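Please read the structure below before turning to the comments.
The values are calculated or read from the model by the stated rules, or taken from the named source; none is laboratory data. These numbers come from a predicted model, not from an experiment. Here the Cβ positions follow ideal geometry from the backbone for every residue, glycine too, while neighbour counts run over all protein chains shown.
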Amino acid sequence: MFETDALHRRGQALEDEFFHRVDEKLRAELRESMERSEQRTQLSAATGFQEQELLDHLLDAGFQASTLMALALVPSVFVAWADGSVTPQERQAVMSAALQRGLEHEPTALHMIEAWLHKHPPRTLWKLWKEYAEAIHATVSPTLAEMLMREILRQATAVAEASGGTLGFGKVSKDEQAILDEVANMFA
């Protein structure tokens with residue numbers, strides 16, 4: 001009898017431990033789901049976008065409401081990397097644009113840009129920027145969309161012209177120009 005009691009208690013303890021682990025896992029998943037939902041709500045409030053897929057793409061890429069401003073500089077970052085490396089002048093041009101946009105008050109966004117300038121960002125960031133830019137274009141007035149694109153092109157062009165060239169010729173490389181053209185053609 002003593003052995004079966006001990007076996008029964010041990011079996012009950014193992015079962016209790018199993019269900020405790022399952023409960024903990026379910027609580028953690030629920031907590032993560034609620035946090036994700038809250039982050040999605042904050043992004044939606046910051047962008048005005050309701051499309052869950054785009055909001056999820058932004059979250060998956062590490063963006064929050066406080067880091068969205070960094071997205072406007074993605075074309076400048078890709079122009080800086082167009083020739084395979086970022087020169088000190090290109091880095092300075094991108095960081096100046098970030099400071100002009102007020103990112104010194106958003107250290108996480110500024111850190112994202114610095115990381116992108118240190119290590120080439122993944123191509124998925126470019127795709128995400130295009131998805132984001134198309135969503136903005138679809139939700140704002142044509143006049144505002146045009147103004148935003150002109151500003152993004154102006155900043156990216158300043159990065160392209162920041163280094164290179166001789167006597168003012170050849171300042172923008174072929175690869176840099178290809179990115180500038182892609183941005184310009186998105187809303188043509």
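Between a first residue in the range 109-126 that is in the same structural domain as Gln92 (by TED's automatic domain parsing) and part of a helix (DSSP H, G or I) and a second residue that is surrounded by 15 or more Cβ atoms within 10 Å (Cβ to Cβ) and basic (Lys, Arg), which pairs have beta carbons less than 6 Å apart while being 6 or more apart in sequence or on different chains? These pairs meet every condition: Leu117/Arg91. Every condition in (1) surrounded by 15 or more Cβ atoms within 10 Å (Cβ to Cβ); (2) without any contact (Cβ under 8 Å) to a residue 24 or more places away in the chain; (3) farther than 28 Å from Gly48 by Cα is met by Met95 except one, and the failing one is (3). Looking at this structure, is Pro75 exposed (fewer than 12 other Cβ atoms within 10 Å of the Cβ) and either modelled with pLDDT of 90 or more or assigned by TED's automatic domain parsing to the domain that holds Ala135 (or both)? So Pro75 fails the test. Selection within the range 28-71: residues that are hydroxyl-bearing (Ser, Thr, Tyr) and free of Cβ contacts under 8 Å to residues at least 12 places away in the same chain. The member of this set that is surrounded by the most Cβ atoms within 10 Å (Cβ to Cβ) is Ser44.
The residue pairs whose first member lies in the range 136-148 and is more than 15 Å from Leu54 (Cβ to Cβ), whose second member is among the β-branched types (Val, Ile, Thr), and whose beta carbons are closer than 8 Å, counting only pairs six or more residues apart or on different chains, are Ala145/Ile136; Leu148/Ile136; Leu148/Val140. Evaluating Glu51 against the criteria (1) at pLDDT below 95; (2) within 30 Å of Lys171 (Cβ to Cβ) leaves one unmet condition, (2). Of the residues examined, Thr166 is not one that is surrounded by 12 or more Cβ atoms within 10 Å (Cβ to Cβ) and at pLDDT below 90.
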